[in-house]
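Written below as C-alpha cells is the structure these notes are about.
The values are calculated or read from the model by the stated rules, or taken from the named source; none is laboratory data. As the structure is a computational prediction, the values presented were derived from the model and not from experiment. A quick note on method: Cβ atoms are made from the backbone with ideal geometry, for glycine too, and the neighbour counts reach across all protein chains shown. Accessible surface is based on the protein model in full, side chains and every heavy atom, while ligands, DNA and RNA are left aside. Shrake-Rupley method; radii C 1.70, N 1.55, O 1.52, S 1.80 Å.
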Amino acid sequence: MNKNSSNIMALAPNTSNKRETVCIFGTGDFGRALGHKMIQSGYSVVYGSRSTQISNLIPKDAEVLSHAEAAQKAAIIIIAIQRQHYNFLTPLAEILHGKVLVDISNNLKLNQYPESNAEYLAQLLPGTKVVKAFNTVSAWALQSGTLDASRQVFVCGDDVEAKQMVMNIVHALGLTPLDKGSLLAAQEIENYPLQLFPSWRFPMFLSLGLTAFFFFYCLALDVIYTYIYENNNFSFFIAITIPNRVCPVMALILLALVYLPGIFAAIIQLYRGTKYRRFPDWLDKWMLCRKQLGLIALAFAFLHVVFTLVTPIRAFVSWRTSKGIISQALNNKTEPLNNTNAWLSDSYLALGILGFFLFVLLGITSLPSVSNNVNWREFRFVQSKLGYLALIFCTAHTLVYGGKWFLSPSAYKWYLPNIYMLSLIVPCAVLVLKFVLIFPCVDKPLTRIRQGWERNPKYSE
C-alpha cells in the first residue's frame with residue numbers, strides 16, 4: 001500500500017457513525033473548539049502538542065500525543081498555530097509528506113506578509129497538500145453553536161482531492177464550504193476576517209456626512225437664527241426637534257439614493273444601445289451598496305417613529321398646548337375645527353404609516369433567511385415595485401407636511417429653504433425620471449437592450 005492510500009480511503013463515504021481520525025496541531029482556543037465540534041460530528045481527534053499531559057481543557061474523548069506521533073495517525077492535519085511558529089514543522093517534513101495540511105491561521109493586519117500564510121506553509125513543506133480553510137469561523141461560534149453569522153467557510157487549495165476532503169469535514173460540521181479556487185486565493189481569504197464592514201463603509205460615511213450637514217443646517221435656522229433675530233432660546237431643540245427633522249429627511253434621501261443608480265444605469269444603457277459594456281466604476285460601487293443604504297434609511301425611519309411617539313410628552317409641547325387653551329379661555333373664544341388642516345394632518349399620518357410599513361417590508365425581504373425563500377420574480381417585485389411605492393408614499397408624506405413652506409416667505413430664513421424642501425429634491429427627481437422610463441416609447445427599447453439587442457453590435461466584442 002502506498003503512502004497516499006490513507007488519503008484515498010478518506011475520500012470514501014463512511015459506512016458507520018465513526019469517521020476518520022483528524023489530527024490538530026495546537027491546543028489553543030480555536031484548536032480545542034474545533035476538536036470538540038469534530039468529536040460531536042463523529043470524528044476521532046488526536047492533538048499534537050509539545051506537552052502530552054492531559055489537560056481538563058482538552059475534549060475528554062480526544063488523544064494528546066507528540067507532534068510526530070499524532071501526525072502518523074491521520075491523513076488530515078489541521079495547523080491551529082500562528083505563522084511565526086511554523087518553523088517547528090520543518091523537522092517533521094518526512095512524516096508530513098503526502099499529508100493534507102489545513103491552514104486556519106489569520107494575521108493581525110491586511111497583507112501583513114508578501115505571501116499568504118497558506119502559501120508560506122506550502123513553501124516550507126513542499127511535499128504536503130496545503131488547504132486554506134476555517135479561518136473565517138470563530139472559536140466562540142463553534143463552542144456556542146450560534147453559527148448563523150459565520151456558517152460559510154472559504155476553502156482553497158491546489159490539490160482537488162485534498163480540498164474535497166476538507167470540504168467534506170466542513171459539511172460534516174454543519175457548515176457551508178465555498179470553493180474559492182487555488183491556493184492563490186488564500187491571501188484574499190486571510191484578509192476577509194480583518195475587514196471591518198467593507199460593504200458598509202461608503203454608505204456609513206455618506207450617511208454621517210449628510211446627517212452632519214442637515215443637523216447643522218437645522219441648528220443654524222431653528223436655534224441660531226431665532227436667538228439672533230427673535231431673541232428666543234430654543235437650544236433644547238437639539239435633543240428632540242432637530243433629530244426628528246433630520247431622521248425623516250435622511251430616511252427619504254437614502255431611500256431615493258437606493259433607486260437612483262438604477263435610473264442612471266437605464267439611461268446609460270439607452271445611450272449606449274447595449275448592455276455588454278461595463279458601467280463606470282462609481283456606478284458599479286454605488287449599485288453594490290444599495291442594500292446597505294436601504295437598511296440605514298430604515299434605521300433613520302425607525303428613529304423618526306420613536307421621536308414622533310415621544311413628542312406629546314415633551315415639556316415644550318405641553319406648554320404650547322396649555323398656552324393655547326389659556327389664550328382661548330381668556331379671550332372667551334373657541335377656535336373652530338379647520339377641516340382642511342384636519343384632512344392634511346390625517347393624510348400626512350396615513351401616508352407616513354403606509355410608507356413606513358412598506359419600508360419595513362423592504363427591510364425584512366432583504367434578510368437572507370427571507371430572500372432565500374422567495375424566487376427572483378417575487379424578490380424583484382417587492383424590492384422594485386413595492387420599493388418605488390414606498391418612495392412615493394414617503395415623498396407624499398413629506399410633501400403634505402412641508403409643502404406649505406414653499407410659498408411662505410417666513411420659511412426662508414437667511415434666504416435658505418426649509419430642510420423639507422431640500423429633502424424632496426432627490427426623491428422627486430428619481431420619481432420623475434422613473435415615470436419617463438416607464439413610457440412605452442422608452443421602456444420597449446430598454447427592455448430589448450436588456451434582452452440582448454444591440455444598436456451597434458461591435459461593442460459585444
_Counting heavy atoms of the protein chains only and a 1.4 Å probe, report the per residue accessible area for the chain as a whole number of Å²._
57
_Tell me the mean residue ellipticity at 222 nm calculated for the chain from its helices only (DSSP H runs of n ≥ 4, each -39500 (n - 2.57), averaged over every residue, nearest 500)._
-16000 deg cm²/dmol
*In the stretch 19-194, what percent of the accessible surface is made up of carbon and sulfur (1.4 Å probe, ligands and nucleic acids excluded)?*
49
*Where N is the number of residues in the stretch 19-194, Cα Rg divided by 2.2 N^0.38 Å*: 0.94
*asked:* Rounded to two decimals, what is the ratio between the C-alpha radius of gyration of the stretch 83-128 and 2.2 N^0.38 Å?
replied: 1.17
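Looking at the stretch 19-194 only, what percent of DSSP beta bridges run antiparallel? Nearest 5 please.
Bridges in the stretch 19-194 that DSSP calls antiparallel: roughly 10 percent.
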*In Å, descending, principal axis extents of the Cα set of the chain*: 104, 63, 42
*Express the carbon and sulfur contribution to the solvent-accessible surface of the stretch 325-434 as a percent, rounded to the nearest whole number, probe 1.4 angstrom.*
67
*So what J values fall out for the stretch 421-431 if you push phi through Karplus, 6.51 cos²θ - 1.76 cosθ + 1.60 with θ = phi - 60°, rounded to Hz, Gly and Pro as x?*
5, 5, 5, 8, 4, 5, x, 5, 5, 4, 5
*If you line up the long axis of helix 29-40 against the longest principal axis of the chain, both from Cα atoms, how many degrees apart are they, to the nearest 10?*
80
_Run the count for the stretch 19-194, please: Lys pairs, Cα-Cα under 17 angstrom, 8 or more apart or on different chains._
11
_Relative contact order, percent, the chain [alpha-carbon distance under 8 Å, six or more residues apart]_ = 11
*Starting from the stretch 75-176, pick out the GluC sites (Glu not before Pro) whose DSSP state is loop and whose Cβ has at most 15 other Cβ atoms within 10 Å.*
115
*Taking chymotrypsin sites (Phe, Trp or Tyr not before Pro) as candidate sites, keep only those in a DSSP loop with at most 15 other Cβ atoms within 10 Å, then name the longest stretch of the chain containing none of them.*
1-275
*Applying the Karplus parametrisation 6.51 cos²θ - 1.76 cosθ + 1.60 with θ = phi - 60° to the phi angles of the stretch 196-210, what ³J(HN,Hα) value in whole Hz is obtained for each residue in order, glycine and proline being reported as x?*
9, 6, x, 7, 9, 4, 5, x, 5, 4, 4, 5, 5, x, 5
_Under 16 Å between alpha carbons, and skipping anything fewer than 8 positions from residue 444 in its own chain: which lysines qualify?_
275, 434
*Over the stretch 370-461, what relative contact order in percent results from Cα pairs under 8 Å that are six or more residues apart?*
20
